[in-house]
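The values are calculated or read from the model by the stated rules, or taken from the named source; none is laboratory data. Computed from a predicted structure; not experimentally measured. All Cβ positions, even for glycine, are placed from backbone atoms using ideal geometry, and neighbour counts span all protein chains on display.
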Amino acid sequence: MIAPSLLSADFGHLASNIEMLNESRCDWFHLDVMDGVFVPNISFGFPVMEAIKQFAKKPLDVHLMIVQPEKFIDQVKSLGAHVMNVHQEACPHLHRVLQQIKDAGMKAGVTLNPSTPIGSIEDILELADIVMLMSVNPGFGGQQFIAHTIDKTCRLRALIDQKKLSTLIEIDGGVSRLNAAQLYDAGADILVAGSAVFRAPSPIDEIDLIKNATLA
C-alpha cells in the first residue's frame with residue numbers, strides 16, 4: 001500500500017492536491033502531526049485535518065509526533081481516522097494507549113524512531129495493528145533515507161512471523177521508487193511517500209512507479 005504524506009503537499013492548493021490523490025492508485029492519506037516539542041517542528045492541527053477530511057475519499061492514517069498523544073484519541077476518532085499512530089518514545093504507558101485507540105474503533109499503530117530498538121515493543125506487539133519504522137529522524141520532510149531501515153524491517157518481519165501475528169509494517173521517511181522494492185522484499189506492507197510524490201513532475205505517475213517497483 002502507498003500512503004502519500006500530505007506534509008509535502010502544496011498547502012496553497014491543498015484541496016486540488018487531495019482530489020488528485022483521490023484519483024490516483026494510492027491507498028491511504030498519511031497525516032503527520034508535529035507539536036514542536038516531541039519533534040523540532042510544527043506541522044498542522046485538527047482544523048486543517050477537518051478540512052482534509054471533507055475532500056479525502058481514502059482512509060486517513062494519522063501519525064502523531066507529539067507528547068501525550070492519548071489526550072487526542074477522541075479528536076482523531078472524530079475525523080473518521082482509520083489509523084492512529086503514536087510513538088513508543090512518547091508513551092510511557094504504551095499498552096494502555098494502544099488499547100484505548102482500539103477501544104475507540106481505530107487501528108492502533110506504534111512508531112519507532114531510527115534509534116529505538118525493535119525489542120522495545122516486543123511485549124506489546126500483539127496489541128499493535130501496525131508498526132511504523134521511521135527511516136529518517138522525524139520532524140522534517142525531504143530527508144535522506146536511512147539504509148539501516150532495510151535490516152530493521154527484516155528483523156521486525158521475522159519477529160511478527162515468529163509470533164504468528166497479522167501486524168502490518170509501515171515505513172516512513174525518504175521512501176521512493178529507488179528503495180520501494182527493497183522495503184517490500186524486506187517485509188514492509190505500507191510505504192509512506194511524501195517528497196518523492198509531491199515533488200515529482202506527475203505525482204500520479206510517481207505513485208504508479210512506486211507501486212510497480214514493489215511488483216517487479
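Key figures
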quantity	calculated
Cross-chain or 6+ apart pairs with Cβ under 9 Å, the stretch 15-42 first and in a helix (DSSP H, G or I), then small (Gly, Ala, Ser) and surrounded by 13 or more Cβ atoms within 10 Å (Cβ to Cβ)	15/51; 17/9; 18/9; 18/56; 21/9; 21/56; 22/56
Meets criteria (under 21 Å from residue 175 (Cβ atoms) and either among the aliphatic types (A, V, I, L, M) or over 15 Å from the mean Cα position of the chain (by Cα) (or both)) for residue 8	no
Number of positions in the stretch 49-79 that are touching a helix residue (DSSP H, G or I) at 6+ places or on another chain (Cβ under 8 Å), of a type in the set (A, V, I, L, M, F, W, C) and more than 18 Å from residue 97 (Cβ to Cβ)	5
Every residue from the stretch 1-36 that is among the polar types (S, T, N, Q) and either surrounded by 22 or more Cβ atoms within 10 Å (Cβ to Cβ) or closer than 21 Å to residue 215 by Cβ (or both)	5, 24
Helices (runs of 4 or more DSSP H) enclosed by the stretch 109-216 - at least 1 residues per element that are among the aromatic types (Phe, Trp, Tyr) and either modelled with pLDDT under 95 or crowded, with 17+ Cβ neighbours inside 10 Å (or both)	180-186, 195-198
Flag if residue 105 is within 17 Å of the chain's Cα centre (by Cα) and surrounded by fewer than 18 Cβ atoms within 10 Å (Cβ to Cβ)	no
Residue match in the stretch 138-159 (condition: among the small types (Gly, Ala, Ser) and farther than 20 Å from residue 109 by Cβ)	yes
Residue list for the stretch 42-65, restricted to those being among the β-branched types (Val, Ile, Thr) and modelled with pLDDT of 95 or more	62
The one condition in (1) part of a helix (DSSP H, G or I); (2) more than 24 Å from residue 181 (Cα to Cα) that residue 80 fails to fulfil	(1)
